[in-house]
1. If you go through region 323-346 one residue at a time, do you hit one that is at pLDDT 90 or above, in a loop (DSSP other than H, G, I, E, B) and surrounded by fewer than 17 Cβ atoms within 10 Å (Cβ to Cβ)?
2. Can you name every residue in region 171-184 that is assigned to a strand (DSSP E or B) and buried (at least 17 other Cβ atoms within 10 Å of the Cβ)?
3. For region 18-27, indicate whether the set of residues that are modelled with pLDDT of 50 or more and within 25 Å of residue 69 (Cβ to Cβ) is non-empty.
4. Tell me yes or no: at least one residue of region 429-441 is in contact with a helix residue (DSSP H, G or I) (Cβ under 9 Å, 6 or more places away or on another chain) and in a strand (DSSP E or B).
5. Any chance you could count how many residues in region 456-490 are closer than 20 Å to residue 505 by Cβ and without any contact (Cβ under 8 Å) to a residue 60 or more places away in the chain?
6. Regarding region 59-74, can at least one residue be identified that is part of a helix (DSSP H, G or I) and at pLDDT below 95?
7. Looking at residue 173 and the list (1) closer than 30 Å to residue 226 by Cβ; (2) at pLDDT below 95; (3) out of contact with any helix residue (DSSP H, G or I) (no Cβ under 8 Å at 6 or more places or on another chain), which single condition is not satisfied?
8. Could you check, for region 73-93, whether at least one of its residues is loosely packed, with under 15 Cβ neighbours inside 10 Å and on the phi > 0 side of the Ramachandran plot?
């Protein structure tokens, strides 16, 4: 007859007396997948508690992760591959995973381990599983995982959603050293708070319960943006036709969203630093003196005598190239007037819409004049791009994992002949960029991912007789960890593959997928391999997976 362990006896006794339930300590499947890179029928785990962290007091443990892929086929032609790893993990008192790290070697575990902290909370192991049992009356310290928005005016009044754990028994919310103007507990994982009136600067938002205040981290920071002030404008006047380049001096020009001349929006502005903005005056209906105001997240600058700008009638003839937009001119770049790429002609007129202009360095955008003097860089797939010859010849995976461990993978194959020369020489300055577009409507694109393999980020290119391979352990700077470029002298032989496995940044999921998502690997020498994905097999808030049309 089997004898129950001391931990089990304690568990049963405590459960009968207090009605408490043990909390399993596990590594979520998404985090486990980011460690193993595979999940064939699910990832199995064996968890072993090791105690409580000396700094945070949170439960700790070692977890063995494994998954087996493949299996025996007819005639024994297939074999099973097992992927496994040990990770050291820390959980909070709700059982949510706080952090984990892959261990370099298998640890020594105690299947019957049990330990108590100073509050009477217990961690213990049973049947290859780890559990946490909270002491009667114990209130966990809250943990803040994120705040949104992350900035607001110093005058307060911003409604901020705080996410985390352990919020049920919250007794207070603070922005730095100031209490929130008010707060509402939505759930154990969410609080809505209103920011107080405070000075400018970045502070930590903390949530307090009977267990104490939440620990501070980069995830809880909120910036109070002071109201901008204007102390001068130069020149302080110009023609009613507009187009005067005005330098605005003052303070707190951080995250400027607009510049106004009276009630008229500036034609355009550039933030030089937090004390200077350069703006172009709009046209006025008549001579007048107006106030120039600057708008930021912190509010709108107060009106003073120092911010005034006088509109006057125009006089004299136009001089193209003097840097002043005179009557009859649409633009005037001064000494740089009419240079290629600036969207202004040598006769001070706007370049027609869709005229090529200065390249922004990305292969995922089209650099075109908008017809109003501005060079815009809109996301745009390459107009000519080689697709697979058969349906399903390409695949796309975008996966948003817990803790920001995003993954992107694009595979292209089953296409026409690809010569080795089509790949160029990645080691000789050839640029490659994977571009993934969400197509909300025909001709309207959002760039949800762009990434290039980088040697400067620690990656290495190697060449063989049929192509190139790129590997990077860091993925810096865009998350791209692997590229395969395989030429094919016969149709259906060539292969192109890009993996971004080191937390690449991409737009929010789910994608529109209607009329379709487009993925392209573009080369700076003009080569392109791509496909359209309009029927995804997985389309959720955390994953997009599809075969090509």
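1. The answer is no, given that none of the residues of region 323-346 is at pLDDT 90 or above, in a loop (DSSP other than H, G, I, E, B) and surrounded by fewer than 17 Cβ atoms within 10 Å (Cβ to Cβ).
2. First, the residues of region 171-184 that are assigned to a strand (DSSP E or B): 171-175, 178-179, 182-184.
Across region 171-184, the qualifying residues are 173, 174, 175, 183.
3. Yes, region 18-27 contains a residue that is modelled with pLDDT of 50 or more and within 25 Å of residue 69 (Cβ to Cβ).
4. Within region 429-441, the subset in contact with a helix residue (DSSP H, G or I) (Cβ under 9 Å, 6 or more places away or on another chain) is 430, 432.
Keeping just the survivors that are in a strand (DSSP E or B) gives 432.
Checked region 429-441: at least one residue is in contact with a helix residue (DSSP H, G or I) (Cβ under 9 Å, 6 or more places away or on another chain) and in a strand (DSSP E or B).
5. So in region 456-490, the residues closer than 20 Å to residue 505 by Cβ come out as 456-459, 470, 472-483.
Those left that are additionally without any contact (Cβ under 8 Å) to a residue 60 or more places away in the chain: 456-459, 470, 472-478, 480-483.
Residues flagged as closer than 20 Å to residue 505 by Cβ and without any contact (Cβ under 8 Å) to a residue 60 or more places away in the chain within region 456-490 amount to 16.
6. Kept after step one, since they are part of a helix (DSSP H, G or I), are these residues of region 59-74: 74.
Retained after the next criterion (residues that are at pLDDT below 95): 74.
Yes, some residue in region 59-74 is part of a helix (DSSP H, G or I) and at pLDDT below 95.
7. Result: residue 173 fails condition (2) only.
8. Within region 73-93, one or more residues are loosely packed, with under 15 Cβ neighbours inside 10 Å and on the phi > 0 side of the Ramachandran plot.
The values are calculated or read from the model by the stated rules, or taken from the named source; none is laboratory data. All values derive from a computational prediction rather than experimental measurement. With ideal geometry, Cβ positions are generated from the backbone for all residues, glycine too; neighbour counts draw on all protein chains shown.
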